[in-house]
Each structure stands twice: as C-alpha cells, then as structure tokens.
Amino acid sequence: MTEAAQTRPRRSDATRAAILRAARERFAADGYDRATIRAIAADARIDPSMVMRYYGSKEGLFAAAAEFDLRLPELTGVPAGRLGELLVRHFVDRWEGDETMVALLRTAATNPAAAERMRDIFAGQLATAAARVAPDPAEAPRRAGLVASQMLGLALTRYVLRLPPMVDADPAELVAWIAPTVQRYLRGTPDA
C-alpha cells in the first residue's frame, strides 16, 4: 500500500461518520420512534442498505449514535467550594454545542434501551467523578444521582421542552442559580 493510501481516510470511515452525523441529527429532531433508517440514509445521502450493513438495525445505529462522553473535568484539585459551579458550567457548555445528549434524553423517556444507555453514561461517568470529591465515597452513587436529576432537569426544560424562561436565560445565569444546589449535592448534607 502506498504512503498516500495509508494516510487517506478509508471510504467506509467517511460513510460511517456521515451515517452517525445524520443519525444524531435525526434522532435529536424526531426522537427514536419517529426517526427512520430511510430518513437517516437520505440525510447521509446513501442507500438505506448501507446503514443496515454498518449498524445492523435501528437499535444498533442508535447505540452507536448515542455513544456520549460527558468529558467531565478533572475535579480533584478544584477548591471544594467551586465544584458545583465548575460542573454546572461544564454541562451547560456541553449541551450548548452538542445535540447528542438531547437526542438521548428525548429518546430515553420512551425507549428502554435509550434509558439504559443514559443510566450507563451517568452511573459510569458521573458517579466516578463524584466518588473523587464526595466526603464519603460510599455516598457517591446517591450524590451523582442527585446531580444527574438536576442536570437532566435543566436539559429537559431548556433543550427538549424549550420552556421560555429556561431558553431565554443566559448560560451564566443558569450556572449562578443551579451551582449552589449541585454544590450541596456533591459536598453537603441533606439538612443543609
């Protein structure tokens, strides 16, 4: 194989990327139930059989499209009193620029596989981060669940339901309102 052929992306990689991009957009716009393989293929400008060839089924395509790394910031070393602010700012910034989580949130409300995927994302990634900063690491799953309830509630009202007061709020304002609650979930006590 020539050096040029080795550095050039393979056609199948480009096709897979186009399918995933189209699937994420379609799932975000239509939700899982209304999105079709045919519509996704049309958006990607390929034959529907190619979607099936690469992903096997709509469920397989959704699982691939719903791969989501929260890209949580490293919380160790952050002053304990700033954890909530850092985390809320991070989530708002992530959602402002990526519709994948919104698509997953929409779909998780009605699709058991999507709900399981959402649980895996938050249990695996957020609980791990919470364990690093929780006063008692054994409380990390509960604390992570509380943080998730707050952040998913924000995402639902701002990006899915599009409630005007939430949509109209400046991201910095959202951080200012929500950070103290997330801070309490991470480091406080139920009665504080």
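The values are calculated or read from the model by the stated rules, or taken from the named source; none is laboratory data. Bear in mind the structure is a predicted one, so any value in this text is a computation, not a measurement. Cβ atoms come from the backbone with ideal geometry, glycine included; neighbour counts cover every protein chain shown. The accessibility values were calculated without ligands, DNA or RNA, using every heavy atom of the protein model including side chains. Shrake-Rupley method; radii C 1.70, N 1.55, O 1.52, S 1.80 Å.
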(message) How many angstrom lie between the Cα centre of segment 167-192 and the Cα centre of segment 17-85?
(response) 28 Å
(message) If packing is taken as the average number of other Cβ atoms within 10 Å across a peptide's residues, how do 80-92, 129-141 rank, most packed first?
(response) 80-92, 129-141
(request) Please give the residues of segment 42-84, grouped as numeric ranges, whose backbone N is less than 18 Å from a label point set 7 Å along the Cα-to-Cβ vector of Ala113. (result) 48-68
(request) Would you mind getting me the FRET efficiency between Arg82 and Arg162? Use the beta-carbon distance for r and R0 = 25 Å, nearest 0.05. (result) 0.25
(request) Could you work out the local net charge near Ala65, counting Lys and Arg as +1, Asp and Glu as -1, over the other residues with Cβ closer than 13 Å to its Cβ? (result) 0
(request) Please calculate how many Å² of accessible area the chain carries per residue, with a 1.4 Å probe and no DNA, RNA or ligand atoms counted. (result) 55 Å²
(request) About the Cα centre of the chain, how large is the charge dipole given +1 on each Lys and Arg Cβ and -1 on each Asp and Glu Cβ? Please answer in debye to the nearest 20. (result) 440 debye
(message) At 0.36 nm per residue, and after removing the present C-alpha to C-alpha distance, how many nm does the segment from Tyr54 to Ala14 gain when stretched out fully?
(response) 13.2 nm
(message) Taking all protein chains in place and a 1.4 Å probe, what share, in percent, of the accessible surface of the chain do carbon and sulfur account for?
(response) 54 percent
(request) For the chain, calculate the relative contact order in percent as a whole number, restricting contacts to Cα pairs under 8 Å that are 6 or more residues apart. (result) 22 percent
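To the nearest 500 deg cm²/dmol, what mean residue ellipticity at 222 nm is calculated for the chain from DSSP H runs of n ≥ 4 alone, each contributing -39,500 (n - 2.57), summed and divided by the residues?
-21000 deg cm²/dmol
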(request) Using a 1.4 Å probe and ignoring any ligands, DNA or RNA, find the accessible area of Asp33 and quote it in Å² to the nearest 10. (result) 110 Å²
